[in-house]
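Please read the structure below before turning to the comments.
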Amino acid sequence: MIAVPAVSTPAVHLAETATSTVGNPAINISIFLAFVLVTLVVVIRASKSTATAADYYAGGRSFSGTQNGLAIAGDYLSAASFLGIVGAIALQGYDGFLYSIGFFVAWLVALLLIAEPLRNTGKFTMADVLSFRLRQRPVRVAASISTLAVTFFYLLAQMAGAGALVSLLLGIGSRAGQSLVIVIVGVIMIVYVLVGGMKGTTWVQIIKACLLVSGVAVMTVWILALFGFNFSAVLGAAVETNNNPAMLEPGLKYGVSEISKLDFISLGLALVLGAAGLPHVLMRFYTVPTAKEARKSVVWAITLIGLFYLFTLVLGFGAAALIGADRIKGAPGGVNSAAPLLAYELGGSILMGLIAAVAFATILAVVAGLAITASASFAHDIYTSVIKKGTSDPRQELRVAKTTVVVIGLISIAGGIGAQGQNVAFLVALAFAVAASANLPTILYSLYWKRFTTRGAVLSMYGGLIISVVLIIFSPVMSGSETSMIPTADFAIYPLSNPGIISIPASFLLGFLGSLSERRPEDPRKQSEMEVRSLTGVGAEKAVSH
Amino acid sequence: MASTPPVDPNGSTATQGIDFPAVQRSHEFQRLRSTHRSFVFPLAVAFLVWYLLYVVLAIYAPDFMSTRVVGNVNLGLILGLLQFVTTFGITAAYVSFANRKLDPQATALREDLESTSGHRADDHQEARP
C-alpha cells in the first residue's frame with residue numbers, strides 16, 4: 001500500500017549475495033501452509049451462511065464494529081505497508097517516517113466525513129452512494145470504471161510484491177519459481193473469495209490483522225528491550241551503524257531539489273486524500289449493521305493502524321541500527337527485506353518464518369479484499385444496474401460476480417507475472433492518486449454539496465482518472481531514469497513522480513464547473529432523501545438475520 | 001434481505017410515504033444538520049491544515065526540524081509524533097461528540113420517520129422527548 005522505493009530486480013541481488021536465503025525455507029513454508037489451512041477452514045465454515053447478495057458482498061451486514069475495524073486494518077496494512085515502511089525508514093530515516101504519517105492521518109477523512117453517511121445511504125458499492133441522487137447509468141459506469149482501475153493497479157502491486165518477497169523468504173530466486181508462486185497466491189485468493197464471499201474474506205482479514213499487529217508489537221518490544229527501553233538510544237545506534245547523522249533529519253530523500261520537494265508535497269496530498277477514496281476500504285463500511293457500528297469500526301481501525309505505524313518507526317530505526325542500510329540494500333528483495341532480516345536478527349529462523357507467513361497472509365488477504373470489491377462493482381453496477389437495467393435476479397447477479405472474481409484472478413495472475421521486478425511504488429502510487437482524484441471529490445460533493453450534478457460527477461471522475469493516469473505515464477516513474485519502468489526511453493515531460501498536486505485539484509474543479517454548467521436539473525426530492533437518510537439512517541439496509 | 005426494487009437500486013421499501021423535502025426543511029433536521037456540520041467541517045479543515053503545515057515544514061525548513069530536543073530526538077520527530085497524538089485526539093473527540101450530540105437527535109428523527117412511514121408523513125415535526 002505504501003509508495004516506497006521499487007522492489008529492484010531481486011534475481012540480480014540473489015546472484016550477487018552469498019546469503020541467498022535467510023532463515024529456513026522449510027520453516028517458512030510450513031508456517032505459511034498452516035496459516036492457509038486454518039483460514040480455509042474458517043472460510044468454509046463462514047460460507048455455510050452465504051446465500052444472498054447481501055451475504056456475498058456485505059457479509060450479511062452482520063459484523064460488529066470491532067470485527068470490521070480489525071478487517072479494515074487487515075485490508076489497509078498491505079505487504080508494502082509492513083515491508084515498505086520499515087525498509088523506507090531503515091534506508092531514508094526520517095523521510096520514511098513521513099509516509100506513515102500521511103497514511104495514518106488520512107483516516108480522519110474517512111471518520112469525519114465519509115464512513116457514516118456512506119453506510120446510511122449505500123448498499124454494496126461506492127457507486128450506490130454516488131448515483132443516489134444523480135442519473136444512474138452514467139454515474140454508475142464512471143464509478144465502476146474508476147473502481148476497477150484502482151483495484152487493478154492495487155492488485156498488480158500486491159502480486160508483484162508477492163513475487164519479490166518470495167525470493168527472500170522462500171529462497172526461490174528464479175523467474176519461473178516466482179511466477180509459480182504468483183499463480184499459487186492467485187488461485188488461493190480465488191478460492192477464498194468464491195467460497196467465502198465477503199464473510200470469509202473478512203475473517204481472513206481479521207486473522208491477518210491480529211497476526212500482523214501482534215507480530216510487529218513483539219518485535220518492537222524486543223528492540224526497545226535491547227536498548228534498555230530508550231528510543232533515543234535506538235536512534236543513536238542507527239546513526240552510528242550507518243555513520244549518517246542526516247538520517248534523523250528530514251530531506252535525505254526528498255530534500256535534494258525543488259522538484260523533489262514539490263514531489264513530496266504531491267505525494268503527501270495523494271496519501272492523505274487517497275485512503276478515503278479506495279473502493280475496497282469504502283466497501284467495508286457496508287459489512288456492519290448500522291452507522292454507529294461503522295463509526296466504531298473506523299475507531300478500531302484508527303487505533304490499530306496508528307499503533308502499527310508507531311511500531312514500524314521503532315522497527316525501521318531498529319533495522320538501521322542492528323543491520324545497517326548497506327546489508328539491507330545488498331540482500332535479496334532489497335529495501336523490502338528490512339523487516340524479515342530484522343526478524344532473523346532478533347529471533348532466528350522461527351521468528352523469520354512467522355514474519356514471512358504474516359507477510360504472505362497480508363498479501364493474500366489484501367488481494368482477496370480487492371477481488372471482492374472489483375467483482376461487486378462489476379456485477380452490481382455494470383451488469384445489474386446498467387446492462388440488465390435493474391431487472392436481473394440476485395442469483396444471476398451473484399453468478400456474474402463469481403465469474404468476475406475468476407476473471408480478475410486470472411488477469412491479476414498474468415499481470416503479476418508480467419510486473420515481476422517492476423516498480424511496485426509506481427503501481428501503488430497510481431492506485432492512491434487515482435482514488436484521490438477520481439473518487440474522493442465526487443464522494444464529498446455528492447454527500448455535502450446540494451448543487452452537485454451528474455455532469456459534475458462524470459467530469460470529475462473521468463477527468464481525475466484520465467489526468468492522473470496520463471501524468472504518471474509521462475512522469476519519471478515510467479521513463480527517463482534508471483529506476484523507470486522503461487529505462488531506455490525518455491518521454492517524461494511531467495517532472496514529478498506523483499500526479500496528485502495537479503490531478504486532485506483539477507478533479508475538484510471539474511466537478512464544480514461541471515455542476516455549474518449543468519442544464520438538466522437533478523431531482524431535488526432525491527437530494528432531500530439522500531441528505532435525510534445520510535444523517536438519520538432512516539431506510540438504511542439492515543443486517544441479514546440467519 | 002430486502003429485495004431490490006427494479007427501478008431504483010437505492011430505494012428502500014421502508015422509506016415509502018416519507019415526505020423527504022418536508023423532513024429536510026423541518027426544524028429538527030436542520031438542527032441535526034447544523035450540529036453535524038459545525039463540528040465536522042472546522043475539524044476536517046483544521047487537521048488538513050495541520051498535516052500540510054507539517055509536510056511543508058519538513059520539506060522546506062529542515063534546519064528547524066532538526067533542532068535537538070531530548071537526546072537524539074529532534075523537533076521533526078516530536079512534531080511527527082504529535083500528528084499521531086492529534087489524530088487519536090480528534091478521533092476521541094468526534095466519537096464522544098457523536099455519541100452525546102448526534103446520536104440522540106438522529107435516533108429521535110429516525111424513529112419518528114419509521115413510525116410514520118406508510119402513513120401521512122407530515123406530522124414528523126413533533127419533537128420527541
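So that you can scan it fast, the table gives a plain yes or no per residue for (1) under 18 Å from A:Ser100 (Cα atoms); (2) over 24 Å from the mean Cα position of the chain (by Cα); (3) of a type outside the set (Ser, Thr, Tyr):
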position	(1), (2), (3)
B:Thr35	no, no, no
B:Ala46	no, no, yes
B:Leu53	yes, no, yes
B:Asn72	no, yes, yes
B:Gln83	yes, no, yes
B:Ser96	no, no, no
B:Asn99	no, no, yes
B:Asp103	no, no, yes
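If you check A:Val428 against the conditions, is it of a type in the set (Val, Ile, Thr) and modelled with pLDDT under 80?
So A:Val428 passes the test.
Just to be sure, is A:Arg455 away from chain B (no Cβ under 14 Å) and either touching a Cys at 6+ places or on another chain (Cβ under 9 Å) or not in a helix (DSSP H, G or I) (or both)?
Details: away from chain B (no Cβ under 14 Å): yes; either touching a Cys at 6+ places or on another chain (Cβ under 9 Å) or not in a helix (DSSP H, G or I) (or both): no.
The answer is no for A:Arg455.
When both residues are 6+ apart or on different chains and their Cβ atoms are under 8 Å apart, which pairs have a first residue that lies in the stretch A:488-517 and is farther than 20 Å from A:Phe264 by Cβ, and a second that is of a type in the set (Lys, Arg) and buried (at least 20 other Cβ atoms within 10 Å of the Cβ)?
Final answer for the pair search is A:Gly514/A:Arg455; A:Ser515/A:Arg455; A:Ser517/A:Arg455.
Which residue, of A:Ser64, A:Ser131, A:Ser47, is among the small types (Gly, Ala, Ser) and either within 11 Å of another protein chain (Cβ to nearest Cβ) or under 18 Å from the mean Cα position of the chain (by Cα) (or both)?
On the way: A:Ser64 fails: either within 11 Å of another protein chain (Cβ to nearest Cβ) or under 18 Å from the mean Cα position of the chain (by Cα) (or both); A:Ser47 fails: either within 11 Å of another protein chain (Cβ to nearest Cβ) or under 18 Å from the mean Cα position of the chain (by Cα) (or both).
Only one candidate passes the filter, namely A:Ser131.
Taking the conditions exactly as written (within 13 Å of chain B (Cβ to nearest Cβ), closer than 30 Å to A:Tyr57 by Cβ and at pLDDT 90 or above), does A:Leu269 satisfy them or not?
Working: within 13 Å of chain B (Cβ to nearest Cβ): yes; closer than 30 Å to A:Tyr57 by Cβ: no; at pLDDT 90 or above: yes.
When the stated conditions are applied, A:Leu269 does not pass them.
Test A:Glu293 against the criterion of being among the acidic types (Asp, Glu) and under 25 Å from the mean Cα position of the chain (by Cα), and give yes or no.
Details: among the acidic types (Asp, Glu): yes; under 25 Å from the mean Cα position of the chain (by Cα): yes.
Taking the combined requirement at face value, the residue satisfies it.
In the stretch A:62-86, what residues are surrounded by fewer than 24 Cβ atoms within 10 Å (Cβ to Cβ) and touching an Asp or Glu at 6+ places or on another chain (Cβ under 8 Å)?
A:Ser64, A:Gly65
Picking from A:Ile355, A:Ile382, which residue would you name as being under 24 Å from the mean Cα position of the chain (by Cα) and either surrounded by fewer than 24 Cβ atoms within 10 Å (Cβ to Cβ) or outside any helix (DSSP H, G or I) (or both)? Spell out how you get there, then give the answer.
Details: A:Ile355 fails: either surrounded by fewer than 24 Cβ atoms within 10 Å (Cβ to Cβ) or outside any helix (DSSP H, G or I) (or both).
Answer to the selection: A:Ile382.
Kindly indicate the residue of the stretch B:71-90 that is within 7 Å of chain A (Cβ to nearest Cβ) and of a type outside the set (A, V, I, L, M, F, W, C) and also nearest to A:Pro250 (Cα to Cα) among those meeting that condition.
The selected residue is B:Gly76.
From A:Met219, A:Met198, A:Met159, A:Met247, grab the single residue that is within 13 Å of chain B (Cβ to nearest Cβ) and either under 21 Å from A:Ile305 (Cα atoms) or open to solvent by less than 10 Å² (accessible area, probe 1.4 Å) (or both).
Answer to the selection: A:Met247.
Suppose we keep only residues that are among the polar types (S, T, N, Q) and within 7 Å of chain B (Cβ to nearest Cβ) within the stretch A:523-539. Which one would you say is farthest from B:Leu113 (Cα to Cα)?
If we take residues in the stretch A:523-539 being among the polar types (S, T, N, Q) and within 7 Å of chain B (Cβ to nearest Cβ), then A:Ser528 is farthest from B:Leu113 (Cα to Cα).
Within the bounds of the stretch A:252-266, is there any residue that is open to solvent by less than 10 Å² (accessible area, probe 1.4 Å) and modelled with pLDDT of 90 or more?
yes
For a quick check of your reading: which helices (runs of 4 or more DSSP H) sit entirely within the stretch A:277-345 and have at least 3 residues that are open to solvent by less than 10 Å² (accessible area, probe 1.4 Å)?
A:279-284, A:291-322
Is it the case that the stretch A:499-506 has a residue that's among the hydroxyl-bearing types (Ser, Thr, Tyr) and part of a helix (DSSP H, G or I)?
yes
Assuming A:Val218 fulfils every condition listed in (1) assigned to a helix (DSSP H, G or I); (2) in contact with a Pro (Cβ under 6 Å, 6 or more places away or on another chain) apart from one, which condition is it?
(2)
Could you tell me which residue of the stretch A:274-286 is farthest from A:Gly348 (Cα to Cα), considering only residues that are within 14 Å of chain B (Cβ to nearest Cβ) and touching a Ser or Thr at 6+ places or on another chain (Cβ under 9 Å)?
Among residues in the stretch A:274-286 that are within 14 Å of chain B (Cβ to nearest Cβ) and touching a Ser or Thr at 6+ places or on another chain (Cβ under 9 Å), the one farthest from A:Gly348 (Cα to Cα) is A:Tyr286.
Any idea which of B:Val70, B:Val45 is among the β-branched types (Val, Ile, Thr) and more than 30 Å from A:Ala540 (Cβ to Cβ)?
B:Val70
Checking A:Glu482 against (1) at pLDDT below 90; (2) in a helix (DSSP H, G or I), which single condition isn't satisfied?
The number of the failed condition is (2).
Only one residue in A:Ile89, A:Ile145 is open to solvent by less than 10 Å² (accessible area, probe 1.4 Å), in contact (Cβ under 8 Å) with a residue 24 or more places away in the chain and either part of a helix (DSSP H, G or I) or among the aromatic types (Phe, Trp, Tyr) (or both). Which one?
The conditions single out A:Ile89.
Counting only residues that are assigned to a helix (DSSP H, G or I) and surrounded by fewer than 23 Cβ atoms within 10 Å (Cβ to Cβ), how many does the stretch A:224-234 have?
Count: 6.
The values are calculated or read from the model by the stated rules, or taken from the named source; none is laboratory data. These numbers were taken from a predicted model, which means no experiment stands behind them. Glycine gets a Cβ as well: all are built from the backbone with ideal geometry, and neighbour counts include every protein chain shown. Ligands, DNA and RNA are excluded from the accessible area calculation, which covers all protein heavy atoms including side chains. Shrake-Rupley method; radii C 1.70, N 1.55, O 1.52, S 1.80 Å.
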